[in-house]
Amino acid sequence: MALPPRWTFLLHLLAILLLLSSTKTFGSATDTEAEEEEFHEELLLKPLPDRKVLAHFYFETGAPPSNSNGHHHHLFPKAISQLVQKFQIKEMELSFTQGRWNYERWGGFDTISSNYAKPPGVELWAVFDVPKEQVDASWKNLTHTLSGLFCASINFLESSTMYSAPDWSFRQASGSLRYGTLPREAVCTENLTPWLKLLPCRDKAGLSALLDRPSIYRSFYHSQQLHLTSKPSDLEGLNLGIVLEQTLTVVLDPSSQRTSLTHISESYLQPSWSLSSIFGRKVNGKCVLAKSSNVYLQLERGLVAELKKNENYGADYIASEGFDGETSFELSVNPDRVLKEENSRHGIGSSFLYEFSVEKYSNSKPFDLGLTWKFPVIWSCQQAPLHSSRFLMGSGNENGAIAISLKSTDLNDSSLGANGASDGCELHVNIFQVVPWYTRVYYHSLQLFVDDQPKAVGDFVEKMHVLPSKDKISPGMMEMVLKLPCGVKSAALTLEFDKGFLHIDEYPPDANQGFDIPSAAISFPDFHASMLFPRNDSLKKSPMLSKFQEKSHVLSYTEVLLVPLTTPDFSMPYNVITITCTVFALYFGSLLNVLRRRVGEEERLLKRKAAGKTGRLSELLSRLSAKLSGRSQEPAQSPSNSSSLINSKLLLKVLLVVAFAVAWQYYFI
Amino acid sequence: MPKTKTEAETETETPKMKPRPIVRLGIFLISHSLLVSVVCCTAGVLALLLLPLLAKNTYISENALMPGSASSMISNRDISEANRLANDLSDLNLEPQDTAAMESRRILTKYMSDLGAEVSYHKFHPKPNQFHPLHFFSGPDSTSTVENFSCSAYVVNTVGIIRAPRGDGKEAIVLVTPYKFGKSGLAETLSLSIAYTVFSLLSRVTWLAKDIVWFVADSQYGEYAPVEAWLRDYHTPVFTGLGTLNADTCVKIDDLYVLERKPIAQSKISDGFRRAGTMAAALILKVADRNELLEDTLTIYAEASNGQMPNLDLINAVNYLAVHRQGLRVKVEKFFTLLDSRWLEILGEIFELLGKVARSLNPGWKFGISAADYIEGSATLASSLYYQALGIPTGPHGAFRDFQVDAITLEISPKVSSHNKARHNEFLLRGGRLVEGVIRSINNLLEKFHQSFFLYLLTSPSKFVSVGVYMIAFALLVAPLPLVAASLYAEAYQLDLGVKNTKSTPTATASDALGITFRSWKWLYAAKEVFLIHVWGAAVLLLPYFICQVPNCSPTSSTVIWIFLSMLSLLIFYFIVGSPYTHVSISQPEKKGEWAILKSVTISAVFIGLLLMSVVNFATAEIGALLLVPMCLMAQPLKLDIKAGKLRSFLRAICNLVLAFVAFPPAAYFVVKTIFEGFDSINVGEFWNWMESLWAWNSATYIYMGMVHLPCWVLCLHVLLHSC
């Protein structure tokens, strides 16, 4: 935009005026109606059992369905609202992840692991509110748009070999859901910056100021997500109420230097940390545009139970009073509120949330939450009912098998008791797996092992939907509901596959690394990850906590697999060309020779020559050609004789050439 | 040769039709087959002897490896930790073996999980060596039959996995240290502490992109078996068998888990099998018991089953880091007896002289190497050829190659052991830095090893002969075979033609024509005999399966039984099938050609067999060709030579006898053994043991022996003893 400076100045002025007037109107409107664009920023911190700290940033921007401002928004990013309007997105989630979520150590049952633990790379799914035949077109356009928005190669998801349309196993959305992953996408700051641009304060103020790039990218796991939900409020469906949730989940190691292992007791002491030590920054007050700005510290159920045991706490002690009496850890800032989870179902204990409001802090008095452990505590996270892992079987470039193994965790027994069911109890497991077409999975070879015994598939599969892959057109997809007995110790699924061949230009530049099979999603519809807090006014103000209260299936992703395929030797095109040319030349040469040759004709010619009725010129020519080809003129000689004669001549010539070559080599080089 | 026949016929009436040049060349070569075969064979042997001269310096082909570009990060703290582990482990040596084994496993597990690694146990029971003729070549089979076994036969390996902090877990690097739990020596503990040093470093580095698997193999039943069992379970797990294995009431194993739960371990030790993606490469780390006099030495073992080698880049990277970064002396295996052999020295001096002459002619020609280098190179080359030909892996790395994982064994031997603390730490530091560097290089790799050679022979750790060069020697050696076969065949028919031409009268009847067609199919009888002998060879291969069933059989008696049974079966074959020549009444001149045709078909069969073998295992084919080709080419009935009574034919007869003796597999084995080890160590049973190791390791050489070498030898003997 090359506007003259005066124009830009005028524009600025106009914008400021507009802004002023709009804030005024909004300010007046707040009392009457809640239809206002809102921005909330929240941060959840949680110590993890393996000496790490989880930081979960949650930013929510909501745009109410109103057309008071036309296409303009006060807080809501315009790019996103245009996206939603254009492609009629009902719901969408885009995640950029680096590292793996460790389900065993960091938990597999809570909301964070079910909703915010994602497979490495990029995952995108979207539900469209368009007629079914337009869904694919919308998806393709959406991938390109997002690719431009987030500086990532999401546009590769456009190809029909890369995405699939799960019916029910991933999320209930018949027909209008599209799902695609890019396991190899590298995630870096160039993806984070556009994501931050969507926030009203970017990373200049508020909680997002904590997002120090080096410390985030040094983390053990980070997943940056964008979740969009739109609700058509009015009947025309033209104006959409959009909620944009932006989350960033980071697992950080607060102990920069590993404590010496010489003192065993000390080594089990959890490292103490503060916001400034793990992020290198402090919070200088909230983002002024945010409606609420809170920091939560979560102590999960296992930890609380352990603390109680260690310190002989009365259960009511923590709940009723505060922290002065805390002996096993110390907080540098007093929390504004303590929330105790209402454990309706789980008999394990309840987790605690300490709430800190950032509003009262400012530049002069920055907020820096610190946690100092005083006694070693060892606890473990709550696990999903079955721990799932997936691996490849077999070796070689021809075929192999994918195995998904499910192993029961300790939780299973207790939850079984909690469910109160006895023998007839069943555990449902949803499996959703997409396999690229070059691994040709034979779905008939599905084998099921329950408790180390081979079982008939029909006995345990409640529902199955298989979409076999089409070469170079669509990936294979398998959706399955397994119905396992509650006391199951282990279950395993195997699927055999053949490795396909790719066309030469379909190979990526690093073809010899192998090819990825994206993660499978395994969910447990019988189990819901949610935290229930006592109903309170303040809860409504916090979108993150209300999100935590929502019931969501326990979901876990398996590992990405790497399948080595046969690759041509790209480094030797010359050899390939040479060999092919030689073979072709030999083949066509001999074929042509055979086709062209007429034996009878040749014999007649020879006879005529023998009769000596040839012209002078032709005789001369033939003699010349005979000379050139180095053949003796005498036709009457026996073959052996002639060959020996040729031999001596040939030998002489070869010797001459060799001598010449040696002389050349010696004198001229 | 129908062409020659038509030529001969048309010759009389019309001027000769010019045959095509390629045909003429063929005819020329066939008609001079004697000269060609002598030239080719000598050239072949000479080319083999020249290989050390033609060896190229190795270079790192894959740029992504970047060995040694990062400075080492191993600190003294890692080393002191490793020393503490070693002390803890060696303290246990006083206790009885069972408790010591369990306790040492526990200590190791504790150390591993303190580093934040995921630890698991892998249990298996070693399988006895059984010859399964049907399982040959079937590869790693998952049909492990669980028989009743005693609890003490359990082998428990310990596996620690470090997950790369920011990696996606698709690939893994494996580090293997064989360790005898409970009865470990000093060297094994040293190798464990080197591995621990690296492991503890890797648990906190940020650059890791691939998971690291540290596999401590319980080597009380050999080093290969645990690695192989683990790899089999890793790649082809048996879902049904696990239950029986776990439900086993072996108290000791259960004790182990009870022990594990007691301490406040950070992570639970799972009894489940833990995996970490596709394996990119594997290093087997050992510390030798022997001590070197001069400096710390690293020996690289690379030969896997059937002469497969890991990618040369892996060896290059190790060699580069060991020589240029850690200052270790790097060795590969060689035949030490060849080092002071006189003829090799003379040969080396000749080549040196030739090189000097060449250089004086043109300074640009640099093919000469010094005699000492030549001897060294050929000793290494010979051992490289021998171990590839044997087809038996030279260490646990062979198990990895079966699953297409590049792996080598690094055996570090320290300088004269002193109980000097500083010296000990320095050794740990060097070993640790070497392994760290190699792992870091492999970690840099985006793709799997594919850039450099897979088919090569080493003449020194930094010199190699690639497939393009060493194929020449083999090709030259094998080239005369089809020529000689063709010339023998043609000779036999020209003999026939000569007969026909003399009585070329108009009274040539239909019976004569019938005779011609009959004779032209004569080679079928020879082919039948050759085929039958090959069938016999296959039968001989299967005999050990039955001999194994005989209880209390010493190797010597087994050998004797084997040879006896083989001869018996050969005799039975002769009696049942009968000599093929009894079917046709043969006139005297045809009888002359009979052995020639048999020899021609034999040679063709050998040619095909050697070519096939060169694809499977080149080194076997090369050594086999060295033995077989002269014998096949020379073979001529002794009767003829004796009848001739000339000195030349007498010499030929002696040559034939010597070659026939040397090519007999047991004789060849013992001759080689006496050359290398002297007369005293000769024992007939050793041959049985040797063959047993061949079939136990599923070596293709075993099949080659039965299907190519032995039939060829028998057929040549048949030609020698032919009654003509």
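The values are calculated or read from the model by the stated rules, or taken from the named source; none is laboratory data. Here the structure is a predicted model, which is why all the values come from computation and not from measurement. When we count neighbours, we look across all protein chains shown, and the Cβ atoms used for this are built from the backbone with ideal geometry, even at glycine. Note: accessible area is taken over every heavy atom of the protein model, side chains too, but ligands, DNA and RNA are not part of it. Shrake-Rupley method; radii C 1.70, N 1.55, O 1.52, S 1.80 Å.
Looking at the structure I just gave you, is B:Lys183 of a type in the set (Lys, Arg), open to solvent by less than 10 Å² (accessible area, probe 1.4 Å) and at pLDDT below 95? Here the answer is no, as B:Lys183 does not meet what is asked. Does A:Val295 fit the bill of being touching an Asp or Glu at 6+ places or on another chain (Cβ under 9 Å), at pLDDT 90 or above and surrounded by fewer than 22 Cβ atoms within 10 Å (Cβ to Cβ)? No; evaluated as a whole, the condition is false for this residue.
All told, A:Pro508 falls short of being crowded, with 20+ Cβ neighbours inside 10 Å and within 14 Å of another protein chain (Cβ to nearest Cβ).
Mind listing whichever residues of segment B:334-363 are part of a loop (DSSP other than H, G, I, E, B) and within 14 Å of chain A (Cβ to nearest Cβ)?
Matches in segment B:334-363: B:Asn362, B:Pro363.
Taking segment A:133-188 as the range and being closer than 21 Å to A:Ala79 by Cβ and charged (D, E, K, R) as the test, the residues that pass are A:Lys140, A:Glu158, A:Arg178, A:Glu185. Scanning segment B:427-435 turns up one or more residues that are more than 14 Å from chain A (Cβ to nearest Cβ) and small (Gly, Ala, Ser). When B:Ala382, B:Ala399 are checked against the criterion of being small (Gly, Ala, Ser) and either without any contact (Cβ under 8 Å) to a residue 12 or more places away in the chain or open to solvent by less than 10 Å² (accessible area, probe 1.4 Å) (or both), B:Ala399 stands alone in meeting it. The set of residues from segment B:26-51 being open to solvent by less than 30 Å² (accessible area, probe 1.4 Å) and within 14 Å of chain A (Cβ to nearest Cβ) comprises B:Gly26, B:Ser33, B:Val36.
Scanning segment B:191-214 turns up no residue that is outside any loop (DSSP other than H, G, I, E, B) and either open to solvent by 10 Å² or more (accessible area, probe 1.4 Å) or without any contact (Cβ under 8 Å) to a residue 60 or more places away in the chain (or both).
A Cβ distance below 8 Å, combined with a sequence gap of six or more or placement on separate chains, defines the contacts here; from segment B:436-453, residues that are of a type in the set (D, E, K, R) reach residues that are open to solvent by 50 Å² or more (accessible area, probe 1.4 Å) in the pairs B:Glu436/B:Met73.
Apart from one condition, B:Ser104 fits all of (1) within 14 Å of chain A (Cβ to nearest Cβ); (2) crowded, with 16+ Cβ neighbours inside 10 Å; the exception is (1).
Yes/no matrix, rows are residues, columns are (1) under 21 Å from the mean Cα position of the chain (by Cα); (2) open to solvent by less than 20 Å² (accessible area, probe 1.4 Å):
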{"residue": "A:Glu185", "(1), (2)": "yes, no"}
{"residue": "A:Thr189", "(1), (2)": "yes, no"}
{"residue": "A:Trp195", "(1), (2)": "yes, yes"}
{"residue": "A:Asp203", "(1), (2)": "no, no"}
{"residue": "A:Leu207", "(1), (2)": "no, yes"}
{"residue": "A:Leu211", "(1), (2)": "no, yes"}
{"residue": "A:Pro214", "(1), (2)": "no, no"}
{"residue": "A:Tyr221", "(1), (2)": "yes, yes"}
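Going through (1) open to solvent by 20 Å² or more (accessible area, probe 1.4 Å); (2) touching a residue at least 60 places away in the same chain (Cβ under 8 Å) one by one, B:Ala625 falls short only on (1). Within 25 Å of B:Pro555 (Cα to Cα) and touching a residue at least 60 places away in the same chain (Cβ under 8 Å), is that true of B:Thr701? Spelling it out, B:Thr701 is indeed within 25 Å of B:Pro555 (Cα to Cα) and touching a residue at least 60 places away in the same chain (Cβ under 8 Å).
Of all residues in segment B:677-697, those that are open to solvent by 40 Å² or more (accessible area, probe 1.4 Å), modelled with pLDDT of 80 or more and assigned to a helix (DSSP H, G or I) total 4.
Restricting attention to segment B:647-704, the residues that are closer than 26 Å to B:Leu338 by Cα and in contact with a Gly (Cβ under 6 Å, 6 or more places away or on another chain) add up to 2.
Within segment A:464-498, the residues that satisfy the criterion of being touching a residue at least 60 places away in the same chain (Cβ under 8 Å), surrounded by fewer than 18 Cβ atoms within 10 Å (Cβ to Cβ) and either among the charged types (D, E, K, R) or outside any strand (DSSP E or B) (or both) are A:Lys472, A:Ile473, A:Gly487, A:Lys489, A:Asp498.
Looking at B:Tyr456, is it surrounded by 20 or more Cβ atoms within 10 Å (Cβ to Cβ) and either in the same structural domain as B:Thr197 (by TED's automatic domain parsing) or touching a strand residue (DSSP E or B) at 6+ places or on another chain (Cβ under 9 Å) (or both)? The answer is yes for B:Tyr456. Residues in segment A:550-597 that are loosely packed, with under 10 Cβ neighbours inside 10 Å and farther than 30 Å from B:Gln404 by Cβ: A:Val594, A:Leu595, A:Arg596. Whether any residue in segment A:551-561 is closer than 24 Å to A:Glu506 by Cα, within 26 Å of the chain's Cα centre (by Cα) and within 13 Å of chain B (Cβ to nearest Cβ) is what I want to check. Within segment A:551-561 (the criterion being closer than 24 Å to A:Glu506 by Cα, within 26 Å of the chain's Cα centre (by Cα) and within 13 Å of chain B (Cβ to nearest Cβ)), the answer is yes, since at least one residue qualifies.
Could we say that A:Ser357 is at pLDDT 85 or above and open to solvent by 10 Å² or more (accessible area, probe 1.4 Å) here? Spelling it out, A:Ser357 is indeed at pLDDT 85 or above and open to solvent by 10 Å² or more (accessible area, probe 1.4 Å). The one condition from (1) surrounded by 18 or more Cβ atoms within 10 Å (Cβ to Cβ); (2) in a helix (DSSP H, G or I); (3) of a type in the set (S, T, N, Q) that A:Asn155 does not meet is (1).
Under the condition of being out of contact with any strand residue (DSSP E or B) (no Cβ under 6 Å at 6 or more places or on another chain) and within 14 Å of chain B (Cβ to nearest Cβ), which residue from segment A:370-390 is most open to solvent (accessible area, probe 1.4 Å)? By that ranking, first place goes to A:Phe375.
Can you find a residue in segment A:76-90 that is modelled with pLDDT under 85, surrounded by fewer than 22 Cβ atoms within 10 Å (Cβ to Cβ) and either part of a strand (DSSP E or B) or touching a Ser or Thr at 6+ places or on another chain (Cβ under 6 Å) (or both)? No, segment A:76-90 contains no residue that is modelled with pLDDT under 85, surrounded by fewer than 22 Cβ atoms within 10 Å (Cβ to Cβ) and either part of a strand (DSSP E or B) or touching a Ser or Thr at 6+ places or on another chain (Cβ under 6 Å) (or both).
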